[in-house]
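The values are calculated or read from the model by the stated rules, or taken from the named source; none is laboratory data. Note that this is a predicted model, so its numbers are computed, not measured. Cβ placement follows ideal geometry from the backbone for every residue including glycine, while neighbour counts extend to all protein chains displayed. Protein only, heavy atoms only, side chains kept; ligands, DNA and RNA dropped before computing areas. Shrake-Rupley method; radii C 1.70, N 1.55, O 1.52, S 1.80 Å.
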Amino acid sequence: MDVLKIRGGKPLQGHISASGAKNAMTKLLVASLLSDKKCTFHNVPNIGDVEITVNLCREIGSEVQWDKKNRTLEIVTHELKTSYVPQRYSGSNRIPILMIGALLGRTDEDIIVPTIGGDQIGTRPVDLHIHALQKLGARIEYRDMKKEGAYFAQAHQGLKGTIISFSYPSVGATENTILAAVRAKGITVIKNAAIEPEIIDLILFLQKLGANIMVDVDRTICIQYADQFHEVEHTVMADRNEVASYAMVAISTKGRVFIEGAEHFHMIAFLNKLREIGGGFHIKKTGIEFYYHQPLKGGLHLETDVHPGFMTDWQQPFVVLLTQAQGSSVIHETVYENRFGYTQTLRDMGADIELFTQCLGGKHCRFASSNHHHSIVVKGPTPLHAKDISIPDLRAGFAYVIAALLATDESAISNVEYLDRGYDDFMHKLTLLGADLTRVSLPKGKTKASLHTIVDKALTAP
Ligand code: UD1
């Protein structure tokens, strides 16, 4: 287990570059499986989720050359070695289920993918994926295996374009359906589709590959059958989650950070909310500079939503920022039913946060009549005190890093491996900005000593 020791209380300042987006790159790798042509990617983030996806692709026959130093990656899948994704990838991340969409048009064999993982922030079902693929003509069933279940999928009769209407614009289900629809005869129409920037990046890639995809103004995406594919060169979009995370590092620590490569167009909802609470930013030619210039004002009402709304992955670090704003703010999480578990640790650090099962604010969401705590009220400003913290998931993990950067004494944060999954080179980036932090690898084994004591012992060991 790796642990981060962070001594906070310093304004962070400097210049960093945005990395390629985790939520785009992982899907682009899966999309490359549609064809047997070489795909070259630039701006590839060196993160755990890309590593897992590369391994998944290699497992089924892809040849991959990843030049991590130059951030380029070449992948070609001349033929499939297998269409069985081994069970050890079960729970690794949300990618294996997308393999079904990409492989249905490429093989007559059964495609077998283990149950999917990802962060523990709600039930995260895949019903929309399965129904859409079935509507395109795939036979999909869930079967119990030795340790846990797997989805078995095949389309022996081929796929056929149709109209699919989502009850909710799921990102993953939209991506899976687009991937399958490229190889479905005729035209597929997806209504109420997700239109996140990462999906548009996927569509740009697929257009280069040979697909014809139209995005209409009303969340409708039309995909035409394609069977002629080309070699592709594609630069991965900047990671808007990473950009927002470092923006909040800058403003909450009362510092100033320029993020090269941050794309204005993808950050509109975030920048609006930042401005409402008094956070500073300048949009420059090559990126965005974020800075603190006045005491932050609370009184905010924020609702997470699908794009173009305020992204749910920005919510956790934004809550940390709101602990430093004057007044009460309301946050209503409408994407995941269970995304406030992390607030207990913030409360232990001194934050004033109250949880509610009701939909606070304007609208009623899907979780209105559930018992899930999906709204909160944050009162600030409150000083945060250092603590021994355990990271429960990726975005909560970075929120804890920001909280630790605000605390004047020293925090020890365990389960740092979660951050490796999605934050490229974060040790280097935070150090560049002047953060006082050390990463320590601890030997395995149980002990009753506090995290702090174990870390100190590891640091002083000869
Ligand atoms: C993706 C992102 C994640 C982001 C999320 C929403 C990746 C790897 N992850 O996750 O960072 O937080 O979009 O922007 O890109 N749902 C169903 N049935 C389904 C599928 C989803 O009910 O078949 C529900 C989920 O339970 C959840 C909501 O839809 O409540 C959103 O999920 P979805 O948009 O599918 O998110 P992911 O693609 O998993």
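Some observations on this one:
- The one condition in (1) within 27 Å of the chain's Cα centre (by Cα); (2) within 17 Å of LYS10 (Cβ to Cβ) that LEU394 fails to fulfil: (2)
- Of all residues making up the stretch 397-438, the number that are within 19 Å of the chain's Cα centre (by Cα) and not in a helix (DSSP H, G or I): 5
- The set of residues in the stretch 305-331 that are touching a His at 6+ places or on another chain (Cβ under 8 Å) and either within 14 Å of the ligand (Cβ to nearest atom) or open to solvent by 10 Å² or more (accessible area, probe 1.4 Å) (or both) contains only VAL330.
- Considered as a group, the residues in the stretch 362-389 that are more than 25 Å from the chain's Cα centre (by Cα) and within 14 Å of TYR342 (Cβ to Cβ) include one that is surrounded by the most Cβ atoms within 10 Å (Cβ to Cβ), and that residue is LEU384.
- Meets criteria (closer than 21 Å to VAL243 by Cβ, touching a residue at least 24 places away in the same chain (Cβ under 8 Å), within 16 Å of the ligand (Cβ to nearest atom) and not aromatic (Phe, Trp, Tyr)) for ARG339: yes
- Failed item in (1) within 16 Å of the ligand (Cβ to nearest atom); (2) at pLDDT 90 or above, with GLY118 passing the rest: (2)
- Candidate set: the stretch 259-281, residues that are assigned to a strand (DSSP E or B) and in contact with a Leu (Cβ under 9 Å, 6 or more places away or on another chain); chosen: the one least open to solvent (accessible area, probe 1.4 Å): GLY280
- Residues within the stretch 332-342 that are polar (S, T, N, Q) and open to solvent by less than 30 Å² (accessible area, probe 1.4 Å), tallied: 1
- The single residue among ILE100, ILE112 that is more than 16 Å from the ligand (Cβ to nearest atom) and either part of a helix (DSSP H, G or I) or on the phi < 0 side of the Ramachandran plot (or both) turns out to be ILE112.
- The stretch 127-140: number of residues that are away from the ligand (no atom under 16 Å from the Cβ) and in a loop (DSSP other than H, G, I, E, B): 1
- Residue within the stretch 397-409 that is modelled with pLDDT under 95 and surrounded by fewer than 19 Cβ atoms within 10 Å (Cβ to Cβ) present: yes
- Some residue of the stretch 412-427 being modelled with pLDDT of 95 or more and closer than 14 Å to MET248 by Cβ: yes
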